[in-house]
Amino acid sequence: MLHKLSSLSLLLFIVLIPSFSQSFLAPNVALKSHETLDIMKVMISEDKTEIFMKVENRITGGTFCADRNIYIVYPDGTRSLLLSSNGIPVCPDAYKFKFPGEHLDFVLRFPPLKKGMGSVNLIEDCQDNCFSFYGIILDNSLNKKIDDAFFLAENEEPARALVSFMNIAEETGNSNSGASGLLYVNIVKLYGLTGNKVKSAEWYKKLESSGLPETALYVKHLNSLGIVY
């Protein structure tokens, strides 16, 4: 009887041990390459990281594939290579869309994410039309605040959106490099939209001197919108 009780106690202990798991729905991204390609969810567990994605076809005869060389890139520059994918052909094989407006859902699987990552990049290393996501924000509370700020901007309330982005920037500082890039870019844009070119230029210069890993890309993005100081 003693043996049976010990076994039962061990079984209960094993069952009650929680497994580590986090999920981030539609995380904000500082910068991405493809307008119609989105990250729908990121799921992180002890044995893998899964990135659920969706791409929309907008042309007749469109195709899409994923290269084998896809990486999660950490803020310090280290990389984690794709383990497997589901729902997407590996280039040069390609999915052939049947009509404009069709969506393709697929999943990319990577090794477990390093602990404590506030943001990462997702990079496809290929020869042509490669996709990239810089500053995928892995903080649900922060994503909610950014979503609320974007809601104001999208509903033609740039002044209130600017206040929200400024408050978030003050709270986070440069502790999350992906979030910082997103915040700098949108603060520069919103100061311009509200007519304050002086402040817009001031934050543009702050971005240039920020030391963020993707500073040059963020500045190039602003330049492509005609924002140059």
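The residues of region 183-192 that are within 19 Å of Asp147 (Cα to Cα) and touching a helix residue (DSSP H, G or I) at 6+ places or on another chain (Cβ under 6 Å), listed by number, are Leu183, Tyr184, Val185, Asn186, Ile187, Val188, Leu190, Tyr191. Scanning region 27-47 for residues that are in a loop (DSSP other than H, G, I, E, B) and out of contact with any helix residue (DSSP H, G or I) (no Cβ under 8 Å at 6 or more places or on another chain) returns Ser33, His34, Glu35, Thr36, Glu46, Asp47.
The single condition among (1) closer than 22 Å to Asn143 by Cα; (2) of a type outside the set (Lys, Arg); (3) in a loop (DSSP other than H, G, I, E, B) that Gly61 does not meet is (1). Would you confirm whether or not region 197-204 contains a residue that is farther than 24 Å from Lys145 by Cα and among the β-branched types (Val, Ile, Thr)? Taking every residue of region 197-204 in turn, at least one turns out to be farther than 24 Å from Lys145 by Cα and among the β-branched types (Val, Ile, Thr). Return the residue satisfying two criteria in turn: it lies in region 41-57 and is over 19 Å from Pro89 (Cα atoms) and in contact with an Asp or Glu (Cβ under 9 Å, 6 or more places away or on another chain), and of such residues it is surrounded by the fewest Cβ atoms within 10 Å (Cβ to Cβ). Going through the qualifying residues, I end up with Lys41.
Out of the residues in region 186-223 meeting the condition of being assigned to a helix (DSSP H, G or I) and β-branched (Val, Ile, Thr), tell me which one is nearest to Gly135 (Cα to Cα). The qualifying residue nearest to Gly135 (Cα to Cα) is Thr215.
None of the figures in this text is laboratory data; all of them are computed from the coordinates on show. Worth saying up front: this structure is predicted, and the values here are computed from it rather than measured. All Cβ positions, glycine included, derive from the backbone under ideal geometry; neighbour counts span all protein chains shown.
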